Amino acid sequence: MKLLALAATGVAVATLGSTLAFASPARADELPTFDFTDCPAPPATADPGTWRCEAFVSQGKLTIDGYEIPLGEVRLTFSEGRIDGQYAQAFGALRHAPTRVPGLPGTTIQLRYGGFSDFQSNDERRGELDIYAVLRNPLLGNDCSIGTAAKPLHTVVHDDPAVPPKVISQNPVTAYRGVIDPDLALPATQGCGPLGKLVDRRLDLPSPSGENTFEQTSYVQYKPL
């Protein structure tokens, strides 16, 4: 579940650690509706005028050893800025509606936040996020998942050269880009009851690093705080 769309953390807006220079704006795309409700407010110690919220609307897919699972829409928000001149960030929310799993009738998958995020980009990666994936089916009980809140999956995303970044708008600043994580190892399912081994066989779990790919395209819009 190599999530996330964190990769779009940068557009030329402020001189924060996650910023990235883009070329001139592209023609307007069919933009999604952005929601800033989950944006964390700047802390009381924040440097004035340096904080902004980033709202992502993404579409992606997870491929496990050739088995493709479309994930549908994933929404993520976080805030970033400076405190005493140093980069700081605060996680907002990860929202993902349950999405049907092909080949497993009546089964859905839903990504959830695993308690860690780092959206400050560097030369090696665009961002990192801990997540886990809940599987739902009347025959699997209520605790079936890939990873757990206590032992989440750690995803590291990189720029996808097939989907280069572009600016859609400068006011408000809105951008589009792709990210990819080809390195996440996926464990066997947990808490799925007697049918857990059947689900593992269908999804080819556990699956080692190098056998799985998470690809995601994201729109991101920025709001000063």
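Quick look at the numbers
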{"item": "Among (1) closer than 17 Å to K223 by Cα; (2) among the hydroxyl-bearing types (S, T, Y); (3) touching a Gly at 6+ places or on another chain (Cβ under 8 Å); (4) modelled with pLDDT of 95 or more, the one test that T19 misses", "result": "(4)"}
{"item": "Candidates P182, P194, filtered to the one that is at pLDDT below 95 and surrounded by fewer than 16 Cβ atoms within 10 Å (Cβ to Cβ)", "result": "P194"}
{"item": "Contacts under 6 angstrom Cβ, first residue in region 88-106 being at negative phi, partner assigned to a loop (DSSP other than H, G, I, E, B) and buried (at least 18 other Cβ atoms within 10 Å of the Cβ), 6 or more apart", "result": "Q89/F119; G92/C39; V101/T107"}
{"item": "Breaking point among (1) modelled with pLDDT of 90 or more; (2) surrounded by 14 or more Cβ atoms within 10 Å (Cβ to Cβ), for P43", "result": "(2)"}
{"item": "Residues of region 152-167 that turn out to be under 18 Å from A55 (Cα atoms) and in contact with a Phe, Trp or Tyr (Cβ under 6 Å, 6 or more places away or on another chain), as a count", "result": "3"}
{"item": "Only one of Y176, Y132, Y222 that is within 21 Å of T107 (Cβ to Cβ), among the hydroxyl-bearing types (S, T, Y) and crowded, with 17+ Cβ neighbours inside 10 Å", "result": "Y132"}
{"item": "Residue ID - nearest to K151 (Cα to Cα), chosen from residues in region 184-204 that are of a type in the set (A, V, I, L, M, F, W, C) and out of contact with any Ser or Thr (no Cβ under 6 Å at 6 or more places or on another chain)", "result": "A188"}
{"item": "Filter result for G92 (surrounded by fewer than 20 Cβ atoms within 10 Å (Cβ to Cβ) and of a type in the set (G, A, S))", "result": "no"}
{"item": "Unique residue being of a type in the set (G, A, S) and assigned to a helix (DSSP H, G or I) when the list is G178, G210, G196", "result": "G196"}
{"item": "Residue within region 157-170 that is over 30 Å from E30 (Cα atoms) and either assigned to a strand (DSSP E or B) or of a type in the set (S, T, N, Q) (or both) present", "result": "no"}
{"item": "Residue tally, condition within 17 Å of the chain's Cα centre (by Cα), at pLDDT 95 or above, not in a strand (DSSP E or B) and not small (G, A, S), over region 97-126", "result": "1"}
{"item": "Test result for L62, crowded, with 17+ Cβ neighbours inside 10 Å, in contact with a helix residue (DSSP H, G or I) (Cβ under 9 Å, 6 or more places away or on another chain) and touching a residue at least 12 places away in the same chain (Cβ under 8 Å)", "result": "no"}
{"item": "Flag if G196 is within 15 Å of the chain's Cα centre (by Cα) and not charged (D, E, K, R)", "result": "no"}
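The values are calculated or read from the model by the stated rules, or taken from the named source; none is laboratory data. In this text the structure is predicted, and so the values were computed from the model without any measurement. Methodologically, a virtual Cβ is constructed for each residue, glycine included, from the backbone with ideal geometry; neighbour enumeration extends over all protein chains shown.
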